[in-house]
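**Q** Here it is, the structure in full.
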Amino acid sequence: SEKPFVIQNDPKVTSVANRWEDDPELLHRVLGDEKEFRTERSPDNLFMWYRLKGKHAAVPEGYHKPLNDEVEMTFGEWLEHALEKDGNALGDKDMIAKSNTLKERRLSLLMNKREEHDDDPLGDDEEGGKHDEDSEEAKQEKYFYFRINADLKSAREESPSKFVYDELTFLDPRKRKDSEFYIVDPKGERGINCRFGMRGVTAANHFDMSRNTIALLGGERRYVLSSPSQCNKMALYPKGHPSVRHSSLDWSNPVEWDDHPEFKEALINEVVLRAGDVLYLPTNWFHYIVNLSLNYQCNARSGISHETTHFIKDCGFDMHI
C-alpha cells in the first residue's frame, strides 16, 4: 500500500522556495494590501474544521462550535500579524519593526478608504465577506490562517490563481513534464490550495479522502502522521457531525487524553518540513499540523486510492462523505 514520503532538493520546488524566502516582498507585491482573501481566525491556536450547512451537516445535542471562524483579510495584514508573532517569540527587533511598518501602512490605507467612503453620497457598502472588526489590541492576541484557493478556470487570466499556477508548475496538471510525479491522477485534480500559517497555529488531526501532495515553500511545519489502520484509536467525530473525520480531542492537551484512553495506544510518526520539502500523503492518512514559524504551504489533491478503505469503513465512514 502507499506510504507517506518526503521529497527534497527538487529544483522545481526549491527554486520557488528560494524566490519566496529570499525576496520577502515578492508575495506582498503580488497579493498586495487591497484584495482580501478568506482567512481563518481564532482566539487560541487550535483550528478545527467544521461545516454547519449542506446535505451532510447535522448539529448534535449539546454541540459547541469551535472557536475559529472566518474573516476577509489582505495578505499585507496577515503578514503583519505573522511577523509580530515570530518577532515576539524570537525577540527579533527587525521583525517587530517590519510588522509595525506594515501596520502603519494598513491603518493609513484604512483611513483613506474611510475618508473616500464618507465622501460617497450613496454610501454604498463594499462587496466582500465578513471583515475583521476586532480592535487592534484584540488582533494581537489572535491567530490567523491565510488561504488562497487557486483553480484552473481562474488561472486563465491575471489573478492570484494564475500566479500560483505559474509559480508551482510541479502541481499544474497541464504541465505534465513538471507535474507527472506529483499529480498522480490529473483528472482528479482539485486546484491548488495554499495555507499560510503563523507561529503556533495548529490544525486538528483529521484524514482526507484523497491523495495529497504538500509543498512547503517557506518557514517550517511539523506534521504528526498516522496510518488509517489506527482509525479506531483516533477518537474521531462520527459521520454526520459538523467536524466529521477530525479527532474530538486536542492532541496538544494531555488532560484530554484521559477521556480517550485508546488514543494513548495510537502509533504515530512525525516529520518537520522545511522550505523546499514536499510531503506525499496517501488517501486516508491522518495528519496533525503544527506551524513552527511564519510559513507558506501549498498542496494539491490528485485522485483516490482504495487500499485503506476497509480501515475507514471499520470506523463507520465511507468514501462518499
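The values are calculated or read from the model by the stated rules, or taken from the named source; none is laboratory data. Note that the structure is a prediction, hence the values are computed from the model and not measured. Neighbour counts run over all protein chains shown; Cβ positions are idealised from the backbone, glycine included. With ligands, DNA and RNA removed, areas are computed over all heavy atoms of the protein, side chains included. Shrake-Rupley method; radii C 1.70, N 1.55, O 1.52, S 1.80 Å.
**Q** Over the heavy atoms of GLU220, what accessible area does a 1.4 Å probe trace out, to the nearest 10 Å²?
**A** Approximately 60 Å² of GLU220 is accessible to the 1.4 Å probe.
**Q** Using heavy-atom solvent-accessible surface (probe 1.4 Å) with all chains present, what is the largest-first order of LYS53, LYS233, LYS187?
**A** Sorted descending by solvent-accessible area, the residues read LYS187, LYS53, LYS233.
**Q** Arrange the residues CYS315, CYS298 by how much accessible surface each exposes, largest first, with a 1.4 angstrom probe.
**A** CYS315, CYS298
**Q** Need one word for segment 187-283: rounded, prolate or oblate. Basis is the Cα gyration tensor (sqrt eigenvalues a ≥ b ≥ c); a/c below 1.5 gives rounded, then a/b vs b/c decides.
**A** Cα axes put segment 187-283 in the prolate bin.
**Q** Quick check: net charge around ILE183, other residues with Cβ under 13 Å of its Cβ, Lys/Arg +1 and Asp/Glu -1?
**A** Net charge in that neighbourhood comes out at +4.
**Q** Kindly identify segment 1-103 as rounded, prolate or oblate by the Cα gyration tensor criterion: order the square roots of the eigenvalues as a ≥ b ≥ c, call it rounded if a/c is under 1.5, otherwise compare a/b with b/c, prolate if a/b is larger, else oblate.
**A** Oblate is the answer for segment 1-103, as a/c is 1.5 or above yet b/c matches or exceeds a/b.
**Q** Would you mind getting the Kirkwood hydrodynamic radius of the chain from its Cα pairs, rounded to one decimal in Å?
**A** Hydrodynamic radius (Kirkwood, Cα only) of the chain equals 21.0 Å.
**Q** TYR50: accessible area at probe 1.4 Å, nearest 10 Å²?
**A** Approximately 60 Å² for this residue.
**Q** Where does the chain land at 222 nm, in deg cm²/dmol rounded to the nearest 500, when only DSSP H runs of n ≥ 4 count, each adding -39500 (n - 2.57), divided by all residues?
**A** Value at 222 nm, helices only: -8000 deg cm²/dmol.
**Q** Over the heavy atoms of ILE268, what accessible area does a 1.4 Å probe trace out, to the nearest 10 Å²?
**A** The accessible area comes out at roughly 90 Å².
**Q** Could you calculate the contour length gain from TYR63 to LYS239, that is, 0.36 nm times the residue separation minus the distance between their Cα atoms, to one decimal place in nm?
**A** Result: 61.9 nm gained on full extension.
**Q** With a 1.4 Å probe and all protein chains kept in place, how do GLU158, GLU40, GLU116 rank by accessible area, largest first?
**A** From most exposed to least exposed: GLU158, GLU116, GLU40.
**Q** Any chance you could list the semi-axes, whole Å, largest first, of the equivalent ellipsoid that the Cα gyration tensor gives for segment 12-55, using √(5λ)?
**A** After diagonalising the Cα gyration tensor, the semi-axes are 30, 15, 13 Å.
**Q** With every protein chain left in place, what is the accessible area per residue of segment 214-321 in square angstrom, probe 1.4 Å?
**A** About 38 Å² of surface per residue is accessible.
**Q** Hey, any idea what % of the chain's accessible area is carbon plus sulfur with a 1.4 Å probe?
**A** Within the chain, the accessible surface is 49 percent carbon and sulfur.
**Q** Could you calculate the contour length gain from ASN112 to GLU70, that is, 0.36 nm times the residue separation minus the distance between their Cα atoms, to one decimal place in nm?
**A** 12.6 nm is the gain from fully extending ASN112 to GLU70.
**Q** Just subtract the alpha-carbon distance of GLN140 and GLU307 from 0.36 nm times their residue separation and send over the number in nm, one decimal.
**A** 55.6 nm
**Q** Within 10 Å, count the other beta carbons around each residue, average over each peptide in 204-216, 244-256, and list them highest first.
**A** Going from most to least packed, we get 204-216, 244-256.
**Q** Hey, if you put +1 on the Cβ of every Lys and Arg and -1 on every Asp and Glu Cβ in the chain, which of SER248, ILE148, PHE75 ends up farthest toward the positive end of that dipole?
**A** SER248
**Q** ASN291: net charge of surrounding residues, Cβ under 11 Å, Lys/Arg +1, Asp/Glu -1, itself excluded?
**A** Once all neighbours under 11 Å are counted, the net charge is +3.
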